[in-house]
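Before any comments, here is the structure.
The values are calculated or read from the model by the stated rules, or taken from the named source; none is laboratory data. Since the model is a prediction, treat every value here as computed from it, not as a measurement. Cβ sites come from the backbone with ideal geometry, for glycine too, and all protein chains shown count toward neighbours.
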Amino acid sequence: MAFLPKNLIVASIAIFTVTTASAQLALGEDCGCPALASRTEVNISTLTDASGNLPVGSTTFTCDKTYMIDQQVYVQDGANLFVQPGTVLRGVFGLGFDANALIVSRGGKLFANGTDCCPIIFTDANDPLDGSYSVNIRGQWGGVIMLGRATNNLLLANGGLAVGDGEGTIEGLVAGDSRNHYGGNDDNDSSGSLKYVSIRHGGTNIGANNEINALTLGSVGRGTTLEHIEVISNDDDGVEFFGGTVDLKYANVMFCNDDYFDWDHGYSGRGQFWYGVMLPAFAPIAGQGDFGFEADSDDSNSGNLPIANPIIYNSTLIGRGAQRALEMKEGTAGQISNSIFVNFGYGVNLADEASRAFDAIDNYNTELLNFSNNLFDTNGELLRVNNVAAPAVTLASFQGAGNVLAPGVIDFTWSIDPTTNQVIAALNPVPTIDVTSPEVAPVDDFFTGANYKGAFKPGATPWTAGWTAGALLGIDNSLIACPEDINTDGNVNVDDFLQLLGAFNTSCGL
């Protein structure tokens, strides 16, 4: 079915009958997988040794089966786990240190490469995968944890997670088990590849600074591929980086209980096309959501290298009216450009921490931390320092780099019944004003040279269409089904196309 941008079709509603595009080709039938109800259920514990290790060598999960994550499953050093497109993995309920999770240890590799019509889905054991499972349900299992041998800035002398200089125990897992360690000196390390993967209804909070996120990345190296990753209704962060150099492209995070994207311990990867949506403020939800980005470098204040220095282009984050879009603290550096942040209480907060030799405001003043050509539609100040309005000179430099308030840049007003998942009014994350940017991402082996702001190219089919839970629920109404037999002659042909083109000066399926 062809689609037309929402803002171009609105004027035609009185003339043509249209329907919302919300069908999700999500369960693998398009790539030869059987219907979900006819798949054989397999407890992964029957495939592991007594310690939860999958065997050294190669193991393949096929889409004719449903795999139950009924314990903490380890892809151990020397093991390779391949997951076919369309495969469903279900987490069995567990809390705290007993939360069931899939853990890729250092030296192990996970290859879970779905497609746009056959994504790989990790979800709760009780999710019927028909769009009816409440977005309010979180914390039913752990998540996916990947651990690598890239660098971080942990020092043993500072305690905390560190078990050695540059080596730590990942949050959410027990200390004393080397399979739970992350860190090393190989920034090109590979932990495998994840493409078109959706992780739903997981997460667990064990204690302060000790959680399992939907996708936890501990010193994962840039040899790992992460593309088209979705997180739905996690009980903690959507994606969290603990050091490492891994890149992330096309990431969609919705309805989490904490941050959308969080980095710490010297993370220095690249990101592009990140999208996040919190539930509306009036929705009766268990979790409030927290920051859009929570950006740290060194929570132990050691001054050790590397400092966090990610480069992020083309994000769109939609808040719920409170909190801050970007919380920059604990000495983070980096660059955030060509992005859109709307419906937050404030735009950016730069921490001025007297206890630190270098903090976020220092890094901003010395141009180690940069923001450029970002658009904000917030309910409070554009820029704060230590949670109060920024000094005039700091604000002026921030705005001089193209960071401005832009009310109405996207339609973020929407409504959902979070119990039934009925979308009462959809949002439109595609910009409604000109968002051409004078800046484009660097020309390299990762970035796409997009000359616009935000995660979605105006006039084009969003990269979330078809494979995400958001598409299934109809949350994003930026594209709706095009009218087809426009001249009502019983045929859909070039005459209908020309009539549509003449009326709206565009075509479907852009």
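In segment 215-222, the condition of being surrounded by fewer than 24 Cβ atoms within 10 Å (Cβ to Cβ) and closer than 27 Å to Met68 by Cα is met by no residue.
Do you know which residues across segment 375-389 are farther than 22 Å from Glu439 by Cβ and aliphatic (A, V, I, L, M)? Spell out the reasoning first.
Let us first name the residues in segment 375-389 that are farther than 22 Å from Glu439 by Cβ, namely 379-381, 384-389.
The answer is Val385, Val388, Ala389.
When Ser190, Ser198 are screened for being in the same structural domain as Ile212 (by TED's automatic domain parsing) and in contact with a helix residue (DSSP H, G or I) (Cβ under 8 Å, 6 or more places away or on another chain), only Ser198 passes. Residue count for segment 226-249 under the criterion of being of a type in the set (Ser, Thr, Tyr) and closer than 16 Å to Leu317 by Cα: the result is 1. For segment 363-408, the set of residues classified as under 22 Å from the mean Cα position of the chain (by Cα) and either more than 22 Å from Ser315 (Cβ to Cβ) or at pLDDT below 95 (or both) consists of Thr378 only. Just one of the listed residues (Val435, Val443) is assigned by TED's automatic domain parsing to the domain that holds Arg200, modelled with pLDDT of 95 or more and among the β-branched types (Val, Ile, Thr), namely Val435. Could you check segment 55-112 and list, in sequence order, the residues that are without any contact (Cβ under 8 Å) to a residue 60 or more places away in the chain, buried (at least 22 other Cβ atoms within 10 Å of the Cβ) and in a loop (DSSP other than H, G, I, E, B)? Listed by number, the residues that qualify are Cys63, Gly86, Thr87, Asn100. Residue by residue through segment 326-379, note down the ones that are touching a Leu at 6+ places or on another chain (Cβ under 9 Å) and β-branched (Val, Ile, Thr). Listed by number, the residues that qualify are Thr332, Ile336, Ile340, Val342, Val348, Ile361, Thr378. The set of residues in segment 423-439 being part of a loop (DSSP other than H, G, I, E, B) and in contact (Cβ under 8 Å) with a residue 60 or more places away in the chain consists of Ala426, Pro429, Val430, Pro431, Thr432, Val435, Ser437, Pro438, Glu439. A single member of Gly303, Gly380, Gly321 is without any contact (Cβ under 8 Å) to a residue 40 or more places away in the chain and assigned to a loop (DSSP other than H, G, I, E, B), and it is Gly380.
A quick yes/no check of all residues on (1) touching a strand residue (DSSP E or B) at 6+ places or on another chain (Cβ under 8 Å); (2) β-branched (Val, Ile, Thr):
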| position | (1), (2) |
| --- | --- |
| Ile121 | yes, yes |
| Ala125 | yes, no |
| Ala157 | no, no |
| Asn185 | no, no |
| Ser193 | yes, no |
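Taking the conditions exactly as written (assigned to a strand (DSSP E or B) and at pLDDT 95 or above), does Ser190 satisfy them or not? Answer is no for this residue. Scanning segment 324-372 for residues that are within 19 Å of Gln272 (Cβ to Cβ) and among the polar types (S, T, N, Q) yields Thr332, Gln335, Ser337, Asn338, Ser339, Asn370, Ser372. Looking across segment 173-187 at every residue that is touching a residue at least 24 places away in the same chain (Cβ under 8 Å), assigned to a loop (DSSP other than H, G, I, E, B) and charged (D, E, K, R), the one that is surrounded by the most Cβ atoms within 10 Å (Cβ to Cβ) is identified as Asp187. Number of residues in segment 409-418 that are in a loop (DSSP other than H, G, I, E, B) and surrounded by 14 or more Cβ atoms within 10 Å (Cβ to Cβ): the value is 5. Only a single criterion out of (1) crowded, with 19+ Cβ neighbours inside 10 Å; (2) more than 23 Å from the chain's Cα centre (by Cα); (3) of a type in the set (Ser, Thr, Tyr) is not satisfied by Thr123, namely (2).
Going through segment 383-398 one residue at a time, which ones are out of contact with any Asp or Glu (no Cβ under 6 Å at 6 or more places or on another chain) and touching a residue at least 24 places away in the same chain (Cβ under 8 Å)? Scanning segment 383-398 gives Leu383, Arg384, Asn387, Ala390, Thr394, Phe398.
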